[in-house]
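The numbers here are math on the coordinates, done by the rules we state, and not lab data. None of these values were measured; they are calculated from a predicted model. Note: ideal-geometry Cβ built from the backbone for every residue, glycine included; neighbour counts use all protein chains shown.
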């Protein structure tokens, strides 16, 4: 009996421990620890950066606020979905369609939302992350304009769950492409709207993307040695160059805090402003169109 | 014999404790606390998981987000236990903008609104009042135009 218990304990201890036992014994323990620390740091850095991007919903809501009308022609056509044949293109275009879905949701176009949900589902399934989207619920919500807030919440949180899962599975490269696609599409829609409206607030938001662009570039550069990434990184290097002379200035003032109906409200008294001239804006519009066209028209 | 059984029991307790800590699922908290967003639109959530067994991680954790000028944000703090989560908002220079906990009045707020007038990277620094471990979620929302 004692002997059996001893073996049982031994088995639990051996198999209950982590898989480090499987690593090559010739590797020095310090090296292994250092390696895993580096992998961990890189993973944490990727997650930190992925979570810092502004949501495309914010910029599309500003477009609506500017008075610009709904224009589905500027979005990526849903019929193109079947032409995306590699995981790289599927991930980038999943991000693009995700941002398009956000745009149609903000404008409360439920019929279009259904179409964009279909292509999101198709690409997410291909990337083996479709299970994060409860498409029956999403479609039911999309069938009624009154459910638009729930639709935005469930679709946004599904994208977030999917991205968290991808990062946990060491598929941060896929997650990065989805987020880059989403960010790019938000910016593309803004630039197309600026061409029509010349809205000052929107132009300023386009200039402010310099802040996000720096983080996006850092993120992309992590994967620059992976297949297909090199060209995308090169495009973003060009885009960074385009943004180089755009200055964001700050006038600092202490924030003020007040309580209204039990809610703490903080007023930011610092003011930021963006200096961007017409030529710089035009160069950005052209570059964004070029990168985006390459992504959506690829096969 | 008793010694062996004691060792096994201790080991199973340790496994159980580990699995409980692994169950700190931010999405359970998120779905429970999302209603606190009210009429704000959900943007993102951040999982807060501090473990006293990992002193190297410190007793606080930090996230970042790019806030945009002209937008009104809400930050909802949702702990997974009766521990109060303290959230400090820091600006791009890591200067404290505000907190959901006032040391002076000892007042704790589950959520606060930030009317942003300067675009930049902001930092969200989370910790648990009186504890070096805890579990929860920070939810970020913005007010979309009607």
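At a glance:
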{"quantity": "At q = 0.13 Å⁻¹, base-10 log of I(q)/I(0) for chain A (Debye sum, equal scatterers on each alpha carbon)", "calculated": "-0.99"}
{"quantity": "Angle between chain A longest axis and helix A:29-50 axis [Cα atoms, degrees, rounded to 10]", "calculated": "20 degrees"}
{"quantity": "Surface/4 estimate of mean projected area, convex hull on alpha-carbon atoms of the stretch B:25-142, nm²", "calculated": "7.4 nm²"}
{"quantity": "Value of relative contact order over chain A, rounded to a whole percent, pairs C-alpha under 8 Å and six or more apart", "calculated": "21 percent"}
{"quantity": "Fewest-first sequence of A:104, A:78 by Cβ atoms within 10 Å of each Cβ", "calculated": "A:78, A:104"}
{"quantity": "Residue-averaged beta-carbon neighbours from other chains (10 angstrom radius) around B:32-44", "calculated": "4"}
{"quantity": "Per-pair calculated FRET efficiency, R0 = 22 Å: residue A:201 and residue A:71 via Cβ, rounded to 0.05", "calculated": "0.75"}
{"quantity": "Difference of contour (0.36 nm per residue) and Cα-Cα distance, residue A:244 to residue A:273", "calculated": "8.9 nm"}
{"quantity": "Separation in nanometres of the label points that stand 7 Å from Cα toward Cβ, at residue A:256 and residue B:96", "calculated": "2.1 nm"}
{"quantity": "Full-stretch length increase - residue B:132, residue B:35 - with 0.36 nm per residue and alpha-carbon distance subtracted", "calculated": "32.2 nm"}
{"quantity": "Relative contact order (%) - criterion: Cα under 8 Å, at least six apart; region: the stretch B:25-142", "calculated": "44 percent"}
